[in-house]
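Participant: Structure incoming, see below.
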Amino acid sequence: MSETETDAEREAGSPIEDEVQEEEDEEKEEQPEPKPLTTEILAESLSLLCKTGNSLSHAYVRVDLRDRELTDINALRPFVHLRYVDISGNMIQDISPLANLSQLLWVSAEGNNLSSAQVEELPFLQVANFARNSIRDTEGIFHPLLETINLNHNQIREVTGLDPIKLSRLHTLELRGNLLESTRGIILPNLHHLYLAANTISRLEDLDTLTSLQTLHLRENHIETLRGFSPTMVALQYINLRSNLIVEISELKHLECVPNLRALVLADNPCSEEDSHRLEALLAVPGLERLDKDNFGIDDRAEAASTRKQREEEAAEKVRNDDPGLSL
């Protein structure tokens, strides 16, 4: 190979090099035009003048920076008295400046370009909204007073890093519209409300740890079996399983162990097309008060009691027939 040919090949580049260059060019094109937060924007966005901790001075505690096309919020760092921060609808990729806001109670960063919800511990944060970003995991969330967190419509494939001790106050977790395939990793004994609709969940795991859970939304997933529910779920009263893949009505037997279940949604599952699905639901969960949108009435309960008695008698008869010695 001649020196000229070698130089020409170098100039043309290899297919791999060309591909890498194309990816880098695409990333550059996707990068938004830098637009940092300025003091001018801040001046018109601050509100709610309150006394500071020592009660000797005042400071603004709320800032509304929605839909400003911001890419950088470093200018927030000196505003340590802020309690309510709304930075939703921007193009922010880094929320580390929030770590300076030690008095923060409420934050919304919905609709940005975040790949992580991680930020240093905020000792008073109670409500956090990180919906509609590109967040890929649940690591780095350990704010001791956090009560509600919204992680809807991100790219989370599994739940990891949620420490039940550090998140002992967390009562509402929203993870709708992610890429979850399992409930594994949600080990939060004090959680009350869990929203997992519109994922690809097919496995129910670690549910036995959710001893305070009252509401469980699993709508629009890929659930075929209800194995995974536990008698330890003593507070659970409402389960939404609409639009899953439950074919066999016998799967409801896995809900027998949930002692205080009162409302169940099964609509748009294959099993709900069976004429007897309401009766079977009441037989499996005698304490059930409502299936889908309809309450159970006196007649429903009478039919269930009669059917249950008949089945018990038939089962006893079968046992006697299988072992004639029992009838002597």
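The values are calculated or read from the model by the stated rules, or taken from the named source; none is laboratory data. In this text, all values refer to a predicted model and were calculated from it rather than measured experimentally. For neighbour counting, all protein chains shown are included, and Cβ atoms are generated from backbone atoms with ideal geometry for every residue, glycine included. Note: accessible area is taken over every heavy atom of the protein model, side chains too, but ligands, DNA and RNA are not part of it. Shrake-Rupley method; radii C 1.70, N 1.55, O 1.52, S 1.80 Å.
Participant: The conditions are (1) within 28 Å of L125 (Cβ to Cβ); (2) of a type in the set (A, V, I, L, M, F, W, C); (3) open to solvent by 10 Å² or more (accessible area, probe 1.4 Å); (4) out of contact with any Asp or Glu (no Cβ under 9 Å at 6 or more places or on another chain), and L213 fails exactly one of them. Which is it?
Facilitator: Every listed condition holds for L213 apart from (3).
Participant: Does H277 satisfy being in contact with a strand residue (DSSP E or B) (Cβ under 6 Å, 6 or more places away or on another chain) and of a type outside the set (D, E, K, R)?
Facilitator: No, not satisfied.
Participant: Name the residue, out of S102, S182, that is more than 16 Å from the chain's Cα centre (by Cα) and either open to solvent by 40 Å² or more (accessible area, probe 1.4 Å) or within 27 Å of L210 (Cα to Cα) (or both).
Facilitator: Details: S182 fails: more than 16 Å from the chain's Cα centre (by Cα).
None of the others qualify; the one that does is S102.
Participant: If you don't mind, there's one more thing I want to ask. State whether the residues of region 59-79 include one that is more than 15 Å from N129 (Cβ to Cβ), surrounded by fewer than 14 Cβ atoms within 10 Å (Cβ to Cβ) and of a type in the set (S, T, N, Q).
Facilitator: Yes, because at least one residue in region 59-79 is more than 15 Å from N129 (Cβ to Cβ), surrounded by fewer than 14 Cβ atoms within 10 Å (Cβ to Cβ) and of a type in the set (S, T, N, Q).
Participant: Could you say whether any residue in region 150-159 is more than 16 Å from the chain's Cα centre (by Cα) and not hydroxyl-bearing (S, T, Y)?
Facilitator: Of region 150-159, the ones more than 16 Å from the chain's Cα centre (by Cα) are none.
Within region 150-159, not a single residue is more than 16 Å from the chain's Cα centre (by Cα) and not hydroxyl-bearing (S, T, Y).
Participant: Say whether the condition of being open to solvent by 20 Å² or more (accessible area, probe 1.4 Å), in contact (Cβ under 8 Å) with a residue 24 or more places away in the chain and closer than 22 Å to E110 by Cβ is met by at least one residue in region 196-204.
Facilitator: No, every residue in region 196-204 fails to be open to solvent by 20 Å² or more (accessible area, probe 1.4 Å), in contact (Cβ under 8 Å) with a residue 24 or more places away in the chain and closer than 22 Å to E110 by Cβ.
Participant: Considering only region 153-175, state which residues are surrounded by fewer than 19 Cβ atoms within 10 Å (Cβ to Cβ), of a type outside the set (V, I, T), touching a Phe, Trp or Tyr at 6+ places or on another chain (Cβ under 9 Å) and in contact (Cβ under 8 Å) with a residue 24 or more places away in the chain.
Facilitator: Result: G161, K166.
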